[in-house]
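Below: one structure, written as structure tokens.
The values are calculated or read from the model by the stated rules, or taken from the named source; none is laboratory data. Here the structure is a predicted model, which is why all the values come from computation and not from measurement. Cβ placement follows ideal geometry from the backbone for every residue including glycine, while neighbour counts extend to all protein chains displayed. Calculation scope for accessible area: heavy atoms of the full protein, side chains included, ligands and nucleic acids excluded. Shrake-Rupley method; radii C 1.70, N 1.55, O 1.52, S 1.80 Å.
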Amino acid sequence: MQDTPETAEFAKRAEEASQRARKMKTELRKKRRADKLKLQQQLGAELMKETNIVSAQQLKQYLQDNLNYEAEAENQQDYQQALIELNTFANQLTWDEERGYWRVANLRTLTDWLAGFRTNN
């Protein structure tokens, strides 16, 4: 089957459009990379100004210290909250003289709360 002049012209236009589209995609990728690099440089400069960090090792140590501090602070808050709740349950215990053990004021609430600390479901 032979191409007519019209189909040949459409095929040529389609190929040119395809090449332009590839070229535009390539240019867009380059622009995005350049924009990302510019943003990284701006962020780096701002970080260096604020923290006086001048090396990658210092940056790594800074991030580790800050991330660990935040995690420790969150764990400390969780610990304090659990301790408050545990003290609440402990203060509600009553001694049963006849049977010789401590009675829990609300066993269901206590067991539900303890179940929240289970490691395997």
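Answer with yes or no whether ASN87 is over 25 Å from PHE117 (Cβ atoms) and either open to solvent by less than 100 Å² (accessible area, probe 1.4 Å) or assigned to a strand (DSSP E or B) (or both).
Numbers: over 25 Å from PHE117 (Cβ atoms): no; either open to solvent by less than 100 Å² (accessible area, probe 1.4 Å) or assigned to a strand (DSSP E or B) (or both): yes.
Taking the combined requirement at face value, the residue does not satisfy it.
Go through (1) open to solvent by less than 70 Å² (accessible area, probe 1.4 Å); (2) among the small types (Gly, Ala, Ser); (3) not in a helix (DSSP H, G or I) for ALA105 and report which single condition fails.
It is condition (1) that ALA105 fails.
When you look at ASP65, is it of a type outside the set (A, V, I, L, M, F, W, C) and open to solvent by less than 100 Å² (accessible area, probe 1.4 Å), yes or no? Before the answer, list the steps.
Values: of a type outside the set (A, V, I, L, M, F, W, C): yes; open to solvent by less than 100 Å² (accessible area, probe 1.4 Å): yes.
So ASP65 fits the description; yes.
Evaluate the following for ARG118: is it at pLDDT 85 or above and open to solvent by 100 Å² or more (accessible area, probe 1.4 Å)? Walk me through it before giving the result.
On the way: at pLDDT 85 or above: no; open to solvent by 100 Å² or more (accessible area, probe 1.4 Å): yes.
No, not satisfied.
So if I check each of GLN81, GLN57, GLN41, GLN77, which one is open to solvent by 100 Å² or more (accessible area, probe 1.4 Å) and under 28 Å from LEU114 (Cβ atoms)? Talk me through it step by step, then tell me what you get.
Values: GLN81 fails: open to solvent by 100 Å² or more (accessible area, probe 1.4 Å); GLN57 fails: under 28 Å from LEU114 (Cβ atoms); GLN41 fails: under 28 Å from LEU114 (Cβ atoms).
One residue alone meets the criteria, GLN77.
Quick one: in region 44-54, of everything that is more than 22 Å from the chain's Cα centre (by Cα) and open to solvent by less than 80 Å² (accessible area, probe 1.4 Å), which residue is nearest to PHE117 (Cα to Cα)?
THR51
Enumerate the pairs (first residue in region 108-121 and free of Cβ contacts under 8 Å to residues at least 40 places away in the same chain and within 12 Å of LEU86 (Cβ to Cβ); second residue anywhere and assigned to a helix (DSSP H, G or I) and open to solvent by less than 70 Å² (accessible area, probe 1.4 Å)) with beta-carbon separation below 7 Å, excluding pairs fewer than 6 apart on the same chain, so at least 6 apart or on different chains.
Qualifying pairs under 7 Å: LEU110/PHE89; TRP113/GLU85.
Restricting to region 90-102, name every residue that is of a type in the set (D, E, K, R) and loosely packed, with under 10 Cβ neighbours inside 10 Å.
Listed by number, the residues that qualify are GLU97, GLU98, ARG99.
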